[in-house]
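The values are calculated or read from the model by the stated rules, or taken from the named source; none is laboratory data. Nothing here was measured: the structure is a model prediction, and the numbers come from that model. Note that each Cβ is placed from the backbone with ideal geometry, even for glycine, and that neighbours are counted across all protein chains shown. The protein model used for the area step is the full one, side chains on, heavy atoms only, and it has no ligands, DNA or RNA in it. Shrake-Rupley method; radii C 1.70, N 1.55, O 1.52, S 1.80 Å.
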Amino acid sequence: MNEMKLWYPRPALEWSQGLPIGNGRLGSVIYGGIASETWSMTELTFWSGKSEPIPSHSKGKDDLDRMRQHFFSGDYTKGEEVAKQILQPEKMNFGTNLTLCDIIWQFEHEGEAFTRELSLDQAIVRVSYKVNGNTFTREIFASHADGIVAAKLSSTQAGGISFSLGIEGRTDNFTSWLPDVGTLAFKGKATETIHSDGQCGVSSQGIVKVLAQGGTVDNDADRIVVKDADEVVVYFAAHTDYEKNDEEWIQASERQVAQAIVKGYEQLKEDHIMDYRRLYTRVEADFGASAYDHLPTDERVQLLLNGTENDPQLFALFFQYGRYLMISGSRADSPLPLNLQGIWNDGEANRMQWSCDYHLDINTQMNYFPTEVSNLAECHLPLMDYIQRLSLAGQTTAKDFYGCEGWVAHVFSNAWGFTAPGWETSWGLNVSGGLWIATHLREHYEFSLNKEFLAKRAYPILKEAAIFFLDYMTVHPTYGWLVTGPSNSPENSFYADALRENEHQLSMGSTLDQVLVRDLFVFCLESAELLEVDVEWQQKLKEAIALLPPLQIGQKGQIQEWLEDYEEAQPDHRHFSHLFCLYPSNQVTPGGTPELSAAARRTLENRRQREDLEDIEFTAAGFAANFARLMDGETAYNQLSHLIGQLCFDNLLTYSKAGIAGAEKNICVVDGNFGGTAAIAEMLLQSHAGEIHFLPALPQKWSTGKVTGLRAKGNAEVDLTWNNGELVEAKIQAFSARRTFLRHGDRRVPFVLEPGCLYTIDKMLNVTTTRDRLTL
């Protein structure tokens, strides 16, 4: 199998063509060519804004009851008017992640035979070219092991390396200086005036160190100048005062660079590769021979866009690229989870009303969809930490805005755990945003079966979420169902009257809320029973579950997005959050609920086939994953082809299209990368609804292939080999005891997994067991 890499024979003229690296805290996008190169540097905690109390105008349950009466009586206009008065706080110093700085390189020659590449096998960016027959190379990596970015420049020509290096801040509060020869120091503050007052933000400090063999290193004005060197090594380190209680962070960068110098570049590189490959090599993916895998990456994408589809390994590359981005952006010790742009930042989202933040109505969730199944559970941990932060901050929000116990968060959050409603109820009153992100606690447990994690983390946090909803929800006076509201179905709207005169966003009992609450209550009940705790509370959950609304099918054959069968005001909308019931939940399955599955398909087709569909990255990835759940591999494949071919920059980072949701230009949003990675895994292996399903949505274009190391719920690893669209062999390595079903095609058999056993399964689901094997 060919090396997994992105490569290009042309310079990268801008950020969207650059190659990303990261160590879970520091990130960089490397772009340029022979004569110049730019490192766009980011740091995960470099945020404007601050932690501050959000004043509420609500009197709690009295106001909640008053609002609800308007919605129950059908007066949506008045209900929304009251909601704006009570549940719409002012925008304060919410903030945004910002780009830290740019490192600018200028070289003194031109050349030929230029190539640049990102090796996914080593997490190293390499540039090479020739000048008068001599080969010049640059390699750059972001080391998680040592916390820095390192680069090496070399040439086959003695004394061939000459360049100057400078730095430019990306905020108004930025200063740089040259304290020593070959050392560039900087400090700055994350300030801007769109999402905060221009005064508050995180402070940063860092250094760039240049070391040369041969030649000279000098300082000239504000730049470091290297002349006639044989080889050059450059180190970059930066830190912020985010949640720091002392001044030690100021010296942290100098310490790290000093340690790197002692260790030496080659050892740094070796340690980096070892640390990275410990995670990356857990999964291998081969989707069959490609006729075009020798071509540059952008040319392969263009061929896909033009309808040339004999390139199955391009999809394997995209899958592994998603895993690479996850390892680069989210590590167990990352101080924050991946934001809207991962840990990279093109400077676009933060200069518009979006903010480069944590959207809790699909984007942050989708960022972490592939972590468990793609065998990167450790990368999920920063999100677990963040959810705990939200659960603590959300207790104040629950009390101040609703007069309820427990915790709640809404449509988005920031580096300090913002949980209040957004400052416009039409999109900001998503009362289940915190609950949606908290479902990742359940996912992490169900894949690992780590009972300690369940008892000490997942169950306590989700129990407090359930306490909120038990306190917050009310019985619908007409249907007798227990419902949420007023809230919105992200970020959609409807007509409540046949005349379609007034567009509304808020209602009682939106489908997304109800699906999330049902999953929450059921999981808390099952967990309490397993942990043998909260016996009386278990009865409350049982009673509440019995009162929850069922999923309903509307007059157009679709799954209703709201409690009533309202007419969609935006049938071309990018969100279809109510299909959480199909994916990633499993309240709807083709085998268990065929009528609801047909309605889910109708919902997807109604949305997908609209000529004016708001066609963006997370929508395409969501389509692919949902069709995979419906075991429709061909449509899932087509959606992935669309995602890769039409919604990716040249560097394969996904983007949201200009003109949609206020975007002025195509803006990098990485959820499409992670959602696409998860969808590919979903096409190959599903382990929900009490079964392990091999190749549930395999498309014809991937007729022959192999994947190893995928994770299944129940603490197991799975290898799959197939040929001509048929399973040849599956292997399951079990690490916990579990009763399940094995499924392939029309066959489904009961099975018991025992820890320490390796199971080899043929296409007829015949099983051979090898005991006491701990590795595949």
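Give, as a single signed number, the net charge of other residues whose beta carbon lies under 9 Å from the beta carbon of PHE741, with Lys and Arg counted +1 and Asp and Glu -1.
+2
Run the accessible area of region 644-776 with a 1.4 Å probe and give the carbon-and-sulfur part as a rounded percent.
Accessible surface attributable to carbon and sulfur in region 644-776 totals 43 percent.
Pull out a ≥ b ≥ c, the square roots of the eigenvalues of the alpha-carbon gyration tensor of region 458-528, then state rounded if a/c is under 1.5, prolate if not and a/b is larger than b/c, and oblate in the remaining case.
It comes out prolate by the Cα gyration axes.
I need the GluC sites (Glu not before Pro) found in region 494-533, filtered to DSSP loop residues with at most 12 other beta carbons within 10 Å of theirs.
Qualifying residues, ordered by number: GLU501, GLU532.
Going from most exposed to least, what order do THR484, THR77, THR439 have by accessible area with a 1.4 Å probe?
Output order, biggest surface exposure first: THR77, THR439, THR484.
Using only the alpha-carbon atoms, how far is helix 312-329 inclined from the longest principal axis of the chain? Give it as 0 to 90 degrees, nearest 10.
Roughly 90 degrees between the two axes.
Probe radius 1.4 Å, ligands and nucleic acids ignored: give me the carbon and sulfur share of the accessible area of region 1-133 as a rounded percent.
47 percent
Would you mind checking which residues have amide H under 5 Å from THR191's amide H? H placed 1.01 Å from N; only 5 or more apart, or other chain.
ASP172, ASN173
Would you work out what percent of the accessible area of region 442-551, with all protein chains in place, is carbon or sulfur (probe 1.4 Å)?
Result for region 442-551: 49 percent of the exposed heavy-atom area is carbon or sulfur.
If you average the sequence gap of Cα pairs under 8 Å that are 6 or more apart and divide by the length of the chain, what percent do you get for the contact order?
Contact order relative to length: 11 percent.
Tell me, how many Å apart are the Cα centres for region 1-78 and for region 290-350?
17 Å
For region 71-156, which trypsin sites (Lys or Arg not before Pro) pass both filters: DSSP loop (anything but H, G, I, E, B) and at most 16 other C-beta atoms within 10 Å?
LYS91
Where only protein heavy atoms count, and the probe is 1.4 Å, what is the accessible area per residue for region 350-397 in Å²?
Result: 24 Å² per residue.
Quick one: if the Förster radius is 45 Å, what FRET efficiency do GLU564 and GLU754 give, using the C-beta to C-beta distance and rounding to 0.05?
0.35
Using alpha-carbon positions, what is the distance between the centroids of region 691-718 and region 435-480, in Å?
One Cα centre to the other: 29 Å.
Could you report region 554-687's accessible area per residue, 1.4 Å probe, as an integer in Å²?
Heavy-atom SASA per residue in region 554-687 reads 29 Å².
Using the Cα centre as the reference, give the magnitude of the dipole from point charges on the C-beta atoms of region 320-402 (Lys, Arg: +1; Asp, Glu: -1; all else neutral), rounded to the nearest 20 debye.
Approximately 40 debye in magnitude.
Summing Lys, Arg as +1 and Asp, Glu as -1, what charge do residues with Cβ under 12 Å from the Cβ of GLN88 carry, GLN88 excluded?
It works out to a net charge of -2.
Tell me, what is the 1.4 Å probe accessible area of VAL262, in Å² to the nearest 10?
Approximately 130 Å² for this residue.
Per residue of region 33-42, what does 6.51 cos²θ - 1.76 cosθ + 1.60 with θ = phi - 60° give for ³J(HN,Hα)? Whole Hz please, x for Gly and Pro, Karplus curve as stated.
Karplus-based 3J(HN,Hα) across region 33-42 equals x, 7, 7, 8, 8, 10, 9, 7, 9, 10 Hz.
In square angstrom, what is the accessible area per residue of region 399-520 with a 1.4 angstrom probe?
29 Å²
Relative to the Cα centre, what is the charge dipole magnitude of the chain, using +1 at the beta carbon of each Lys and Arg, -1 at the beta carbon of each Asp and Glu, and rounding to the nearest 20 debye?
1460 debye
I'd like the orientation of helix 617-629 relative to the chain: the angle between its Cα long axis and the longest Cα principal axis, in ° from 0 to 90, rounded to 10.
60 degrees
Find which of SER40, TRP105, VAL82 sits farthest along the positive direction of the dipole of region 1-108, computed with +1 on the beta-carbon of Lys and Arg, -1 on that of Asp and Glu, about the Cα centre.
Result: VAL82.
Name the residue farthest towards the positive end of the dipole of the chain from the options HIS57, GLY206, TYR386, assuming +1 on Cβ of Lys and Arg, -1 on Cβ of Asp and Glu, about the Cα centre.
Of the candidates, TYR386 comes out farthest on the positive side.
So which GluC sites (Glu not before Pro) in region 399-469 pass both tests, a DSSP loop state and at most 15 other Cβ atoms within 10 Å of the Cβ?
Taking region 399-469 and a limit of 15 other Cβ atoms within 10 Å, the loop GluC sites (Glu not before Pro) found are GLU405, GLU424.
Report the net charge of residues surrounding LEU449, where surrounding means a beta-carbon distance below 10 angstrom and charges are Lys +1, Arg +1, Asp -1, Glu -1.
Net of charged neighbours comes to +2.
With only Lys, Arg, Asp and Glu charged, each at its Cβ (+1 for the first two, -1 for the last two), find how big the charge dipole of region 688-776 is about the Cα centre; round to the nearest 20 debye.
Approximately 160 debye in magnitude.
In sequence order, what are the phi-derived ³J(HN,Hα) couplings for region 265-276 according to the Karplus relation 6.51 cos²θ - 1.76 cosθ + 1.60 with θ = phi - 60°, rounded to whole Hz, with x for glycine and proline?
With the stated coefficients, region 265-276 comes to 4, 5, 6, 4, 5, 4, 5, 4, 4, 5, 4, 5 Hz.
Hey, what angle do you get for helix 535-547 against the long axis of the chain, alpha-carbon based, 0 to 90 degrees rounded to 10?
For helix 535-547, the angle is close to 80 degrees.
Using the Karplus equation 6.51 cos²θ - 1.76 cosθ + 1.60 (θ = phi - 60°), what ³J(HN,Hα) coupling, rounded to whole Hz, does each residue of region 50-64 give in order, writing x for Gly and Pro?
Values per residue, Gly and Pro as x: 6, 7, 7, x, 9, x, 10, 9, 7, 9, x, 5, 4, 5, 4 Hz.
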